[in-house]
There are 2 protein chains.
Amino acid sequence: MRPAYQDIVDTITRRIASGVYRPGSRLPSEAQFCAEFRVSPMTLRRALNILLDQGLILAEKGRGTFVRPLGLTDCVFRLEDLEGGWVDESTSVRLLAASTTKASDRVAEKLALEPGSRVVYLRRLVLKGERPAMYHVEYVIFDPRRPLVESQLQITPLAGLLSGDRGNTFPRGTVTLRALSLSAEAARVLEEPVGAPALCLEHVFEDNERRPVSWGWFLLRADLFQLTARLGPEWQASQEVDRG
Amino acid sequence: MRPAYQDIVDTITRRIASGVYRPGSRLPSEAQFCAEFRVSPMTLRRALNILLDQGLILAEKGRGTFVRPLGLTDCVFRLEDLEGGWVDESTSVRLLAASTTKASDRVAEKLALEPGSRVVYLRRLVLKGERPAMYHVEYVIFDPRRPLVESQLQITPLAGLLSGDRGNTFPRGTVTLRALSLSAEAARVLEEPVGAPALCLEHVFEDNERRPVSWGWFLLRADLFQLTARLGPEWQASQEVDRG
DNA sequence: CGCAATCACTTCCCTAGGGAAGCTTACAGT
DNA sequence: ACTGTAAGCTTCCCTAGGGAAGTGATTGCG
């Protein structure tokens, strides 16, 4: 039913979590594991590879594999499971502004354009129920020769931009996360006091030729959104039990 | 020299990045790939598995494998590559306070203790050169029966807590990231105006039995620290060229 | 025409080996 | 005592298949 390599992954993970294999210590060789689990080397190797790039173990060629000691810095935060959620039933998007303007120096620099080039300027407000939650500002290049723009311009289904459902996805991009205080304008829109803390999610999307296509940022109310990561071994309970 | 599966991963990645394989479209079957790259099914499968859990492709049993359309939410932020850095030559740690006190209600709740139990209270300041950068507050359970405490108590090498070098690592934990405004005390220590924005990194570490061992948080000056993630296909340049 | 069975194609899992390359240790020769 | 070598570990990579299970189109039968 369940793949053998998955059972092996879980078993070893459990042993690490429960302290049978301690951080830093060497664990049995591949040959020994093959004998214990009664599988071929290839299958065992597959299990180890999974643990390897989960970062739970650490292999040194010719010496052995070891339990990797974990530190705070091993945390990974997935934007996918942002607490506060991106979209659910109560979510609605309100378009505050959409126009084409000439790029300011700052915008032109970010988008690698000549100053004064035409760009599309967008401002959206995402509401959870009645409450403003995110404020989104974005500048998109306006170049008839590049076909990407129109897909970007379908405004309301912000969802498409977030989780790449349909065509309006970008092949590449850079996203940076930081904290800041709300400006007067952002504070007004988000119905927060000026200077209130917020998470800022700045993004630059690029096309296939690595040219920037859009620059913008989300402002997330600090009281509604946070990121959580779990550190250390985690496994799904397996129904199977040794009946040897 | 270079493993074959790695070359395959890079080649497919490059094709996705350059638009040869478009988002959502089906890519060749495993058999076809085997024929093209002249490798055995197992090797090809290995390459696909890597792309699979990089999230670049998406396989549906019986139907085929497809290029996965990406969205903003696919970003992952690694605490490891925090911009502003955790430790380098100019980093020093100053211990502001270390004492044992009775746990307040809030602390007792977080650590799952009886209110009034003894806990170790720590406050550290991390400096980059002369400049305060992070402020760390932590509560550690004080229980002679649990041996973990002493390793936690070696204060100055904060590095050990961050990247698990030696023994003072915890098997498990939860870390949450959010934005907030500096309290009066934190602002004074970090030499920032009261109410300045900061990233807050709250952490709870647990022992093998999943009992909380320590609770605390880092406050990171918003002007010094941010997290960056790259979205989309990325590959290492391979020196090898087709000479068929 | 409608429905069910078949068949081709797909992803996915596993076996049973061989061999390259790196590290450690023991042992021989100097 | 020291050094170079060889043996025996180790991780790592690859081949060449077989078979299970899911999907979709085609075909044959009522």
Taking the label point 7 Å from Cα along the Cα-Cβ vector, the copy-to-copy distances for A:Q54, listed from shortest in nm with one decimal, are 2.1
Do the sum for chain B: with -39,500 (n - 2.57) for every DSSP H run of n ≥ 4, divided by all residues, what is the mean residue ellipticity at 222 nm, to the nearest 500 deg cm²/dmol? -7000 deg cm²/dmol
With label points built 7 Å along Cα→Cβ from the Cα atoms of B:E185 and A:R118, find their separation and express it in nm. 5.8 nm
Measuring label to label, 7 Å along Cα→Cβ, what does B:T100 give against each other copy in nm, shortest first? 7.2
So for the pair B:K61, A:E60, with labels modelled 7 Å out along Cα→Cβ, what separation do we get in nm? 4.0 nm
Model label zone, A:A35; criterion: amide N under 13 Å from point 7 Å along Cα-to-beta-carbon; scope the stretch A:10-29: A:28-29
Test of the criteria: in the stretch B:66-102, which trypsin sites (Lys or Arg not before Pro) are in a DSSP loop and have at most 13 other Cβ atoms within 10 angstrom of their Cβ? none
Length gain on complete extension for the stretch A:V194 to A:V87, per 0.36 nm per residue less the alpha carbon to alpha carbon distance? 35.9 nm
For A:E30, what charge total do you get from the other residues with a beta carbon under 14 Å from its beta carbon, if Lys and Arg give +1 and Asp and Glu give -1? +4
Binning every alpha carbon pair distance of chain A at 5 Å from zero, what are the percents per bin? 1, 5, 11, 13, 12, 10, 9, 8, 9, 9, 7, 5, 2, 0, 0, 0
Residues of the stretch A:31-74 with amide N under 15 Å of the 7 Å Cα→Cβ point at B:N208: A:67
For the pair B:D223 and B:R14, the simple spin-label estimate (label points 7 Å beyond Cα toward Cβ) gives in nm 4.5 nm
Efficiency of FRET between B:R26 and B:A97 - r from beta-carbon atoms, R0 60 angstrom, step 0.05: 0.50
Can you tell which of B:L177, B:L72, B:L127 shows the greatest fluctuation in a Gaussian network model of chain B with Cα springs below 10 Å? B:L72
On a straight-distance basis, which lysines could pair with B:K110 in a cross-link, Cα separation under 28 angstrom, same-chain partners fewer than 8 positions away excluded? B:K102
In Å³ per residue, the alpha-carbon convex hull of the protein assembly as shown encloses 202 Å³
Compute the label-point distances linking A:M1 to its equivalents in the other copies; points lie 7 Å from Cα along Cα→Cβ; give nm, one decimal, shortest first. 4.9
Please work out the Cα center distance from the stretch A:188-213 to the stretch B:183-214, rounded to the nearest Å. 25 Å
Once you have all Cα-Cα distances for the stretch A:4-71, histogram them in 10 Å bins from zero and send the whole-percent values. 22, 61, 17, 0
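Values in this text are rule-based calculations from the coordinates and carry no lab data. What you see is a predicted model; the values in this text were computed from it and never measured. We place every Cβ from the backbone using ideal geometry, glycine too, and count neighbours over all the protein chains shown.
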